[in-house]
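One structure is given below, encoded as structure tokens.
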Amino acid sequence: MSLPNHPQPQPGILDIAPYVPGKSAAPGTHAVKLSSNESPLGASPKAIEAYSGVATRLEIYPDGGSRLLREALGEVHGLDPALIVCGNGSDDLLHLLAQCYLGEGDEAVMNRYGFSVYPIVTRAAGASIVLADENDYTADVDALLAAVTPRTKIVWLANPNNPTGTYISDSEVRRLHAGLRPDILLVVDNAYAEYVTAADFSIGADLVAEANNVVMVRTFSKMGLAALRIGWLYGPDHLIDALNRIRGPFNVNLPAQLAGAAAARDVEFTVKLREHNASWRDWLVAELNSNQIRIVPSQANFVMALFADEALAAKAFSTLMDAGYIVREIGQSYSIPTGLRISIGTEADMRAVATILKSMVAG
Ligand SMILES: *Cc1c(COP(=O)(O)O)cnc(C)c1O
């Protein structure tokens with residue numbers, strides 16, 4: 001048997017399709033990026049101030065336990081800071097959860113049009129991903145439970161979900177949890193929690209506290225701090241203990257810790273973003289819903305627009321692109337070829353996008 005002539009990645013690594021981020025503007029152009037669900041109102045001014053304040057302290061290691069950030073999160077959300085772990089974006093934490101709880105021969109369950117990072121982290125840990133059917137682009141609890149096998153170790157649930165924007169209610173999340181064996185970890189990824197306006201939604205912190213197998217994952221990325229990469233999770237003590245053993249010892253940088261703590265406490269800014277988002281999300285839905293475009297009801301800071309056919313979706317993408325508006329194609333990464341994901345932007349951006357799409361459909 002001939003030996004390989006270079007080091008070989010673990011089995012399965014090269015079968016993973018890399019994550020496809022939302023397109024960015026070409027350098028030198030003034031295109032508006034509505035492809036990555038970023039804040040249209042910038043970052044919290046208090047976070048910017050905290051960030052700027054550390055420019056002369058760059059030679060010092062950050063606090064490895066992100067203590068100030070965890071304390072701010074605990075205070076604002078009413079959680080025990082000792083049960084919080086912070087990460088370099090929530091993607092960092094999703095990788096850690098997979099590494100910690102999945103291995104060769106294990107399975108993780110997710111809904112068919114769930115977040116595209118879950119298959120990546122699952123396969124990177126040597127496990128396989130099992131897709132459960134959805135109910136009109138919404139997680140279907142019965143289908144998720146039916147997909148569980150003796151090999152299942154994790155159920156991934158983005159709530160609200162990316163790229164569809166749909167959510168399931170607190171009682172549905174609880175019904176899902178109630179149907180899982182106690183050795184299966186339910187990961188509730190609330191990346192868009194701050195934008196939710198539905199009254200029957202819950203971030204699931206109560207469930208985390210009551211159960212022994214639920215973890216809630218959050219991020220600052222969709223709230224104006226995507227560049228700093230700050231994620232956090234809240235979970236039972238045994239999970240926190242395990243993750244603290246394997247995470248990078250300084251996995252959140254100092255500017256991120258301080259800006260994140262300031263942003264968490266700037267509730268006024270969070271409310272402003274949520275209100276801006278809710279009103280322009282509603283407005284865009286009302287403008288665009290027609291016989292050629294269906295906007296799937298969204299609780300996030302983006303909407304999924306479904307076009308009459310693939311050609312129309314492609315035309316909408318290029319028409320918007322030509323006008324300087326970059327939205328997200330979801331054919332390849334999410335197998336929804338008639339769909340486009342459009343982040344909620346400024347008032348001017350939303351008015352422009354609506355005008356462009358309406359005239360395209362009319363023409
Ligand atoms: C954007 C997003 C994340 C990733 O957030 P980061 O903190 O930027 O890594 C996680 N989960 C979902 C569902 C997302 O949409």
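Please return the longest range in the chain lying between exposed loop sites, taking GluC sites (Glu not before Pro), DSSP loop only, at most 16 other beta-carbon atoms within 10 Å, and leaving the sites out.
Counting at most 16 other Cβ atoms within 10 Å as exposed, the longest clean stretch of the chain is 105-363.
Give the carbon-plus-sulfur fraction of the accessible surface of the chain in %, rounded to a whole number; probe 1.4 Å, heavy atoms of protein chains only.
Carbon and sulfur: 54 percent of the exposed surface of the chain.
Of the candidates A286, A305, A98, which one comes out as most mobile in a Gaussian network treatment of the chain with C-alpha springs shorter than 10 Å?
In the Gaussian network model the winner is A286.
What translational D, rounded to a whole number of µm²/s, comes out for segment 99-165 from Stokes-Einstein when the hydrodynamic radius is the Kirkwood one over Cα pairs, at 25 °C and 0.890 mPa s?
The estimated diffusion coefficient comes to 208 µm²/s.
What's the magnitude of the charge dipole for segment 45-266 around its Cα centre, counting Lys and Arg as +1 and Asp and Glu as -1 at the beta-carbon? Answer in Debye, nearest 20.
Roughly 540 debye for segment 45-266.
On a C-alpha basis, how far is the centre of segment 121-162 from the centre of segment 288-359 in Å? Whole number, if you could?
Rounded to whole Å, the Cα centres lie 26 Å apart.
Using amide H atoms built 1.01 Å from N in the peptide plane, name the residues 5+ places from T152, or on other chains, whose amide H lies under 5 Å from its own.
E107
In Å, what is the Rg of the alpha-carbon atoms in segment 173-259, and how long is Dmax?
14.4, 41
Could you work out the Rg to Rh ratio of segment 291-335, with Rh taken as the Kirkwood radius (inverse of the mean 1/r over all Cα pairs)?
We get a ratio of 0.95 for segment 291-335.
Where a Cα-Cα gap under 12 Å defines reach, which aspartates and glutamates qualify for K46, not counting those fewer than 8 residues away within the same chain?
K46 reaches D266, E268.
Roughly what would the spin-label model give for S169 and L41, points 7 Å off Cα along C-beta, in nm?
So the label points at S169 and L41 sit 2.9 nm apart.
If you rank S24, S35 by how much accessible surface each has, with a 1.4 Å probe, what is the order from largest down?
The ranking, largest first, comes out as S24, S35.
Which percentage, to the nearest 5, of the DSSP beta bridges contained in segment 179-328 is antiparallel?
65
Among the listed pairs K23/K272; K23/K153; K23/K315; K23/K358, which are separated by more than 28 Å between their Cα atoms?
K23/K153
Under the definition of Cα pairs under 8 Å and six or more residues apart, what whole-number percent is the relative contact order of the chain?
Relative contact order of the chain: 23 percent.
What accessible surface, in Å², does a 1.4 Å probe find on T138, ignoring ligands, DNA and RNA and rounding to the nearest 10?
Accessible area, nearest 10 Å²: 30 Å².
For R245 and W283, calculate 0.36 nm times their separation in residues minus their Cα-Cα distance, and state this gained length in nm to one decimal.
Length gained, R245 through W283: 9.0 nm.
Translational diffusion coefficient of segment 45-266 at 37 °C, 0.692 mPa s, Stokes-Einstein with Kirkwood Rh over Cα pairs, in µm²/s as a whole number.
186
The values are calculated or read from the model by the stated rules, or taken from the named source; none is laboratory data. Note that the structure is a prediction, hence the values are computed from the model and not measured. Every residue, glycine among them, receives a Cβ derived from its backbone with ideal geometry; neighbour counts consider all protein chains shown. Note: areas computed on protein heavy atoms with side chains; ligands, DNA, RNA excluded. Shrake-Rupley method; radii C 1.70, N 1.55, O 1.52, S 1.80 Å.
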